Amino acid sequence: MKSYQEGIAYQYLKQTKYDRSLSLKRDDLGPLPRPPAYKNYPEAPRTALPKPAFEKTESLWNILNQRRSRRRYTSKPISAETLASLLWATQGITLSRPEYQLRAAPSAGALYPVETYLSIHNVSDIRQGIYHFNVLDFALEEIAQGNLGEELTRSALDQAMVGSGAVLFVWTAIVLRAMWKYRNRCMRYIFMDAGHIAENLQLAATAMGLGCCPIGAFYDEEINKILKIDGEEETVIYLAAVGSRSSR
Ligand SMILES: Cc1cc2nc3c(=O)[nH]c(=O)nc-3n(C[C@H](O)[C@H](O)[C@H](O)COP(=O)(O)O)c2cc1C
């Protein structure tokens, strides 16, 4: 019988520990290319996002106390302002300097390897489809039209909340954005970054009275195909559904 230490999960943790007796790099990959800091789809039809609503909400302590993963939503649409507020909470630029920008959620080395896509099912004034979030311009870039909720649900092990929410957040990683610097340790940081982003989303959704559920179970390559990304340089890492909250 094999021991758990032989599994790739344990081996990954072990082989990517910082250790004073070893170099931080611990690999022989040589210099790695650094991809652009921002992704955009210049040819895609654009939807400008309204300014985030920044509604007055309950205290942070109450919001933390109320945060729950909620999987049932009503058919009530969410507004474009609400969607803008959610996006701002996840990846919005909160400090802008000519040479760099910082965002609402922290990121190892401020490298921001995580990209945001949306599958919009029920948002007022934004037609159904798959969109990429352009962080710098605070706009949506359309990748595909139509309601892809059912297809995404099938790709997420038939979890109904994927398609029944007003919007599905789909986060990908452009792995080299973190790997050129952090080498094999980068996957730790990428997943930590995604966790911060998803928690910001869940707290913002809670503050606005919406339901939200993070989702880690999905067939990666099926989702990559829906997003039209290659699964190599960029691959899906995490999802979250958001919808109007059902009392059930
Ligand atoms: C990394 C991660 C992946 C998750 N994946 C799923 C999922 O695929 N399906 C699901 O129903 N809930 C998923 N959840 C939600 C958890 O089930 C939930 O956080 C947990 O039951 C605790 O409940 P709470 O979030 O309401 O406190 C996930 C949560 C995290 C943090």
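The values are calculated or read from the model by the stated rules, or taken from the named source; none is laboratory data. Note that the structure is a prediction, hence the values are computed from the model and not measured. Cβ atoms come from the backbone with ideal geometry, glycine included; neighbour counts cover every protein chain shown.
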Scanning for something outside any strand (DSSP E or B), touching a residue at least 12 places away in the same chain (Cβ under 8 Å) and either of a type in the set (S, T, N, Q) or touching a helix residue (DSSP H, G or I) at 6+ places or on another chain (Cβ under 7 Å) (or both), does segment 92-99 turn up at least one residue? no
Looking only at segment 39-70, and only at residues there that are among the aliphatic types (A, V, I, L, M) and closer than 18 Å to Gly211 by Cα, the one that is farthest from the ligand (Cβ to nearest atom): Ala53
Could you list, in sequence order, the residues of segment 150-163 that are surrounded by 22 or more Cβ atoms within 10 Å (Cβ to Cβ) and either part of a helix (DSSP H, G or I) or of a type in the set (Val, Ile, Thr) (or both)? Leu152, Ser155, Met161, Val162
Residues of segment 28-86 being within 15 Å of Gln202 (Cα to Cα) and among the basic types (Lys, Arg), in sequence order, are Arg67, Arg68, Arg70, Arg71, Arg72
Of all residues in segment 147-167, count the ones that are more than 16 Å from the ligand (Cβ to nearest atom) and out of contact with any Gly (no Cβ under 6 Å at 6 or more places or on another chain). 4
Taking the residues in segment 197-238 that are part of a loop (DSSP other than H, G, I, E, B) and in contact with a Lys or Arg (Cβ under 9 Å, 6 or more places away or on another chain) as candidates, determine which candidate is farthest from the ligand (Cβ to nearest atom). Gly231
Those residues that are touching a helix residue (DSSP H, G or I) at 6+ places or on another chain (Cβ under 9 Å) and either surrounded by fewer than 16 Cβ atoms within 10 Å (Cβ to Cβ) or hydroxyl-bearing (Ser, Thr, Tyr) (or both), I need them from segment 182-195; list them, please. Tyr182, Asn184, Tyr189, Met192
Hits in segment 197-248 (condition: among the polar types (S, T, N, Q) and either on the phi > 0 side of the Ramachandran plot or at pLDDT 95 or above (or both)): Asn200, Gln202, Thr206, Asn224, Thr235, Ser244
